[in-house]
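All remarks here apply to the structure that follows.
No value in this document is a laboratory result; all are computed from the given coordinates. Model, not experiment: these values are computed from the prediction. Please note: Cβ atoms are built from the backbone with ideal geometry, for glycine as well, and neighbour counts cover all protein chains shown.
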Amino acid sequence: MPSPAILSDIGNVLVAFDFKVAARRAAELCPFPPEQLFTRLDSIKLPYENGDMDDVTFVREAMRLLEFGGDEVMFRRIWCEIFTENQAMERTLAAFAGRLPMFLLSNTSGMHKDYLLGTFDIFRHFQGGVYSYSAKCSKPDAVIFEKTVSELGLVPEQTFYIDDLEANIATARRLGFQTHLYRLEEHDALERDLAMWTGRVLSS
Ligand SMILES: [Mg+2]
């Protein structure tokens, strides 16, 4: 019998993030204003998240494009220190720990994934995950969801998928997942949906 599971996005679900924090800090070490920094990285951000560029190459290229005056350690720290743990979500997931397997599905880079999992307690609830940089594909394409299903042994109909982006939710729903479009400011709505779903799957 396949067991029910929770599958979750990371950004703006488990942790909030704000790239503007990084832009302001990096701008102190660059000749460009904060609002220009991320458009200067447009050409390398997507290949990096899709796994076509490794961490070392990305950091070197980003530092070159930004004319960054600090060293690589400083750049990595600024690039990663943009996240805040979602405390409400941490409490919600803690209640299901040990009762339901939990997995991650995120469009992210190796650098952010390693930083996140090593920094925030909320990730201790998760037994594994699929990430765009290593899967070499990204949401909202169905391909990464199909990979996730086969790699993690999930059954979409038995899996509760949480994401803050409608396009990702649309793909998941089409593939048969139980879905919840998450809003940080409407955490109660998730609690209600999750309680209803777990009431059903954990009692059957
Ligand atoms: Mg997200």
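Could you line up PHE32, PHE126 from fewest to most neighbouring Cβ atoms inside 10 Å?
Ranked by crowding around the Cβ, least crowded first: PHE32, PHE126.
Going by how many other Cβ atoms sit within 10 Å of their own, how do ASP52, ASP9 line up, fewest first? Write down the numbers at each step before the final one.
On the way: ASP52 12, ASP9 22.
Lowest count first: ASP52, ASP9.
I'd like to compare 189-198, 167-176: which one has the highest average count of other Cβ atoms within 10 Å, and what's the full order after that? Don't jump to the answer; show the numbers that get you there.
On the way: 189-198: 15.2, 167-176: 17.5.
Sorting 189-198, 167-176 by mean packing, highest first, produces 167-176, 189-198.
Can you put SER203, SER150 in order of Cβ neighbours within 10 angstrom, beginning with the fewest?
Working: SER203 6, SER150 9.
Fewest-to-most Cβ neighbours within 10 Å comes out as SER203, SER150.
With a sphere of radius 13 Å drawn around the Cβ of LEU117, what net charge do the other residues whose Cβ falls strictly inside it have (Lys, Arg +1; Asp, Glu -1)? Before the final figure, lay out the partial values.
Numbers: positive: LYS113, ARG124; negative: GLU85, ASP114, ASP121.
Computed value for this residue: -1.
Counting only DSSP beta bridges with both residues in the chain, what percent are antiparallel, rounded to the nearest 5?
Numbers: 3 of 19 bridges.
Around 15 percent of the beta bridges assigned by DSSP in the chain are antiparallel ones.
Taking the Cβ of MET53 as the centre, find all other residues whose Cβ is under 14 Å away and add up their charges (Lys, Arg: +1; Asp, Glu: -1). Numbers along the way, then the final one.
Details: positive: LYS45, ARG60, ARG64, LYS136; negative: ASP42, GLU49, ASP52, ASP54, ASP55, GLU61.
Value of the local net charge: -2.
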